[in-house]
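Encoded as structure tokens, the structure appears first; notes follow it.
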Amino acid sequence: MVASQYYYGTGRRKSAVARVRLYPGDGGFVVNGKPADEYFGREVDLAAALEPMKLTSNLSNYSISVVVAGGGISGQAGAIRHGVARALLVANPELRKALRNAGLLTRDPREKERKKPGLKRARKAPQYTKR
């Protein structure tokens, strides 16, 4: 998938970062050198990654090439979704309203909370015993 012009978008979610390139093409989807349906084990993650394309009816207009690192599969799918939405915006600025209303341009700020001293996890306290 080598083409001269592409549209670029960076997506982030939790600790995952996705660098997305949209090429005018037939609808191919490659993640880290593998076909997307092979890379994502769950159908839910693949659907999440393709949500901006389905929303804007551009599924067969662009081929997607993604390099994603960090986090888990679900976080990576969210990062790809964010990156694809941003790349679509570069390709066609008129899609901003539709992408914004669907909440696809907003970076999800939720991160893993750190463990606190004296607790078992971020918020779970040891069991209280009266005697």
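Every read-out reported here was derived from the displayed coordinates using simple, explicitly stated rules and does not represent laboratory data. All figures in this text were calculated on a predicted structure; none of them were measured in a lab. Positions of Cβ are generated from backbone atoms using ideal geometry, with glycine treated the same way; all protein chains shown enter the neighbour counts.
Based on Cβ point charges of +1 for Lys and Arg and -1 for Asp and Glu, what charge dipole magnitude is obtained for the chain about its Cα centre, in debye rounded to the nearest 20? Don't skip to the answer; put the middle values down first.
Values: 25 positive and 10 negative charges, 301 e Å.
Roughly 1440 debye for the chain.
Mind checking which lysines have their C-alpha under 19 Å from K97, skipping anything on the same chain fewer than 8 residues away?
Partners within reach: K54.
I need the peptides 76-83, 112-119 ranked by packing, meaning the mean over residues of other C-beta atoms within 10 angstrom, with the highest value on top. All intermediate terms of the calculation are to be shown ahead of the outcome.
Details: 76-83: 27.5, 112-119: 9.0.
Top of the packing list down: 76-83, 112-119.
With n ≥ 4 as the cut-off for DSSP H runs, can you work out [θ] at 222 nm for the chain, using -39500 (n - 2.57) per run divided by the number of residues, rounded to the nearest 500?
Working: 4 runs with 42 residues, N = 131.
Value at 222 nm, helices only: -9500 deg cm²/dmol.
Could you go through region 93-105 in sequence order and give the Karplus-derived ³J(HN,Hα) for each residue, using 6.51 cos²θ - 1.76 cosθ + 1.60 with θ = phi - 60°, rounded to whole Hz, and x for Gly and Pro?
Karplus-based 3J(HN,Hα) across region 93-105 equals x, 5, 7, 3, 4, 5, 5, 5, 5, 7, x, 8, 8 Hz.
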